[in-house]
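Worksheet for the structure shown next.
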Protein chains: 2
Amino acid sequence: MPAIAHELPHHAPDITDWFGGGPDERLRLGNTNSITTERTVDAHEHLYLEGQRQTHVYLLLEGVVGRYKLLPDGRRQIVSFSYPGDMIGLDCPERHVDSAEALDRVRVRTIPFNAIDRLMTTEPGFGQALLRVAAAELADSREQMITLGRKSASEKLAGFLVRIANRNASIGEDPDTITLPMKRSEIADFLGLTIETVSRQFTRLRTARIIHLSSSTHVQVLDADRLQAIADGDDA
Amino acid sequence: MPAIAHELPHHAPDITDWFGGGPDERLRLGNTNSITTERTVDAHEHLYLEGQRQTHVYLLLEGVVGRYKLLPDGRRQIVSFSYPGDMIGLDCPERHVDSAEALDRVRVRTIPFNAIDRLMTTEPGFGQALLRVAAAELADSREQMITLGRKSASEKLAGFLVRIANRNASIGEDPDTITLPMKRSEIADFLGLTIETVSRQFTRLRTARIIHLSSSTHVQVLDADRLQAIADGDDA
DNA sequence: CGTTCTCTTGAGATCCCTCAACACCTGTGG
DNA sequence: CCACAGGTGTTGAGGGATCTCAAGAGAACG
C-alpha cells in the first residue's frame, strides 16, 4: 500500500487521516472524534447483515473480518477478508450487499454514514481518499474474480498463502510465518472450493516440503519460490 | 438503476449530470464540455490495456465494452460487460487494473483524469455521484464472485440471460428478446466456463423449450419463469 | 473424559474440461 | 455460381479435477 500511495499525484490524503487509524492522527474536524465511536466485536458476531440498511461505516483497527454473500440454499461465497486499516461497509446504494462477520476478536471505529456525506462536501481531500478506498477494493475484487473463474485448486491455495505472506511483509512481519485467522471452511468459501479440497492442497504442499504445518492454523513457508511458482501456475 | 436512485437520501445527482449522457443534460461547468471529447471505437479495438497509466475515464454512450484480465499463460477472465450509461476506467490508483475492448462499434465520451480530480473538489455532488458509480460496480463484482465461485454451469448461463433480460426491461425494451453482442468465447470467459460448456448449456435450454435460438446471437426467451428457476438453482 | 467442532484421508461419483470432428456462416476470388 | 478459407458454433467421446459421502483422527472445552 505505501508503495502505491507515494506514486499518487499531488497530495494524496489517506482515509485514516480523518478517523485516527494512523500514527499521524490528524482529526481535522473537531467534532469528527465525537461522532465516531470505538467498538469491540467478538468472534462470530456480525458487524452487519446483507440487505440491512447501511447506518455506519467501519474502520477496522484490530482483528480480521470476513465478508460474504449467501445463496438461498446456503452456499456461501466469502468476497473478502478485511485486515486492520481496511474500510468496511461502504456499500452505497443504501443497503449492505454482503454480511460482515468477525473471525476473531475485532476492534473497529464506527462512523455514522451521514458523517461520510457531510465530510465529502466540506473536506476537500476526503472524497478522493474515499474513492481511492473504493477503487482499491474494486481492484481486489477483480483479482479475486480471475482466481475464482480461471485458477486451479493448487493455484488458488498457493496464491492465497502468497498474498498473506506479502501482507505480512508489508506490515513489517515475517512473510514466511503465517497465522491463519480463518478456518478451512472459510478458506474454501473464499476460494470457491470445498473444505476437503483445501485440506488436500495443504497436505500436498506439506508433503512437498513447501510449507510446514505446526497446527492447522500455523503455516511456516519453507520454499517461498516454489509456492510462488505454484501460485503462478508454473507447475508440472 | 432508477429503482435504486429514487431511494437515495437527499439530492442524489447522477454522474451523467456532468457529462451529458442523459436527456436532462446540465453541463454545470462551462468548460467541462470543452475538455471532454467524443470518440468512436471499432469492434475489437481497445480503450486501454491493463497496466497502462490511466489518462482518461470513459462514459459509454453506445455499444458494449468487455473488460478483462489475463493470466501469463493466456487464460482470460472477463470481469464485466459495460453498457451505455456505464462509467469505464475509473481504476485509481493510477494504473488500469484491466483491459477494455469494444465488442462492437462503440461511442464514448472521454474525460481527462485530472478533470475528475478538479470536479471532485469544486463540485459539491460530484464526489458522491462518483462514489455511487464505484459502489455499484463493486456490488456487481461481488455478485459475479458468488456466480464464479459457487454456481453450476446451468445456473451461470441462465443467470446471465436473466440479467440481460432484466437490463432490457429497465431500458424499456422487450426482456424476452435478447441480442447477444458477445461471442461464446466471451460468455465463457465471463462465466468461468469453456466455450463447449456454454454451447451445451444453450442447447440444453433450447431442447427444453426454455429459449429459442434463431441464430447464435439471437435469443428468444420462451419460458422466463423456468429460466429464472434454473438461475436460482431450483433445478432437479 | 465425554462432547463438539474441526481437520484429514479415502473411495467413488460427477460435472466440466480436453481433444477432436464436423457444421455453419461470411466473404473472396476463380 | 461454386470452391475455398477462416472464424465461429455445435456435438461427441473420454478423461480428469474437484465434489460428495463417509469414517476416523485431533483439538478445544467444560
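The values are calculated or read from the model by the stated rules, or taken from the named source; none is laboratory data. Keep in mind the model is a prediction, meaning the values are calculated, not measured. Note that each Cβ is placed from the backbone with ideal geometry, even for glycine, and that neighbours are counted across all protein chains shown.
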Legend entry - Looking only at segment B:145-159, and only at residues there that are surrounded by 21 or more Cβ atoms within 10 Å (Cβ to Cβ) and of a type in the set (A, V, I, L, M, F, W, C), the one that is nearest to A:Glu137 (Cα to Cα): B:Met145
Legend entry - Condition broken by B:Arg39, with the remaining ones in (1) surrounded by 17 or more Cβ atoms within 10 Å (Cβ to Cβ); (2) over 24 Å from B:Val162 (Cβ atoms); (3) in contact (Cβ under 8 Å) with a residue 12 or more places away in the chain satisfied: (1)
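From A:Gln54, A:Gln77, grab the single residue that is surrounded by 13 or more Cβ atoms within 10 Å (Cβ to Cβ), at pLDDT 95 or above and in contact with a Phe, Trp or Tyr (Cβ under 8 Å, 6 or more places away or on another chain). Let's see the steps before the verdict.
On the way: A:Gln54 fails: at pLDDT 95 or above.
Among A:Gln54, A:Gln77, only A:Gln77 is surrounded by 13 or more Cβ atoms within 10 Å (Cβ to Cβ), at pLDDT 95 or above and in contact with a Phe, Trp or Tyr (Cβ under 8 Å, 6 or more places away or on another chain).
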Inset, instruction - Scan A:Gly149, A:Gly172, A:Gly159 and give me the residue that is more than 16 Å from DNA strand C (Cβ to nearest atom) and within 29 Å of B:Gly89 (Cα to Cα). - result: A:Gly159
Inset, instruction - State whether the residues of segment B:158-173 include one that is among the basic types (Lys, Arg), closer than 28 Å to A:Pro72 by Cβ and touching a residue at least 24 places away in the same chain (Cβ under 8 Å). - result: yes
Inset, instruction - From (1) of a type outside the set (D, E, K, R); (2) surrounded by fewer than 17 Cβ atoms within 10 Å (Cβ to Cβ); (3) away from DNA strand C (no atom under 13 Å from the Cβ), pick out the condition that doesn't hold for A:Ile178. - result: (2)
Inset, instruction - Could you tell me whether segment A:126-136 includes any residue that is touching a strand residue (DSSP E or B) at 6+ places or on another chain (Cβ under 9 Å) and crowded, with 21+ Cβ neighbours inside 10 Å? - result: yes
Legend entry - Which numbered condition B:Arg118 fails, given (1) more than 21 Å from B:Ile35 (Cα to Cα); (2) out of contact with any helix residue (DSSP H, G or I) (no Cβ under 7 Å at 6 or more places or on another chain): (1)
Legend entry - Close pairs (7 angstrom Cβ cut-off, 6 or more residues apart or separate chains): more than 13 Å from chain B (Cβ to nearest Cβ) in segment A:185-208, outside any helix (DSSP H, G or I) and within 10 Å of DNA strand D (Cβ to nearest atom) anywhere: A:Phe202/A:Leu213; A:Arg206/A:Leu213
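At least 1 residues that are touching a residue at least 40 places away in the same chain (Cβ under 8 Å), more than 8 Å from every other protein chain (Cβ to nearest Cβ) and of a type in the set (Val, Ile, Thr) in each: list the strands (runs of 3 or more DSSP E) lying fully within segment B:62-145 that qualify. So that I can check it myself, show each step before the final result.
Numbers: elements: B:65-70, B:76-82, B:99-102, B:106-112.
Hits in segment B:62-145: B:65-70, B:76-82, B:106-112.
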Legend entry - Which listed residue is of a type in the set (D, E, K, R), surrounded by 21 or more Cβ atoms within 10 Å (Cβ to Cβ) and either within 10 Å of DNA strand D (Cβ to nearest atom) or at pLDDT 95 or above (or both), from B:Arg142, B:Arg226: B:Arg142
Legend entry - segment A:187-220: number of residues that are among the acidic types (Asp, Glu) and either more than 19 Å from the chain's Cα centre (by Cα) or near DNA strand C (Cβ under 8 Å from one of its atoms) (or both): 1
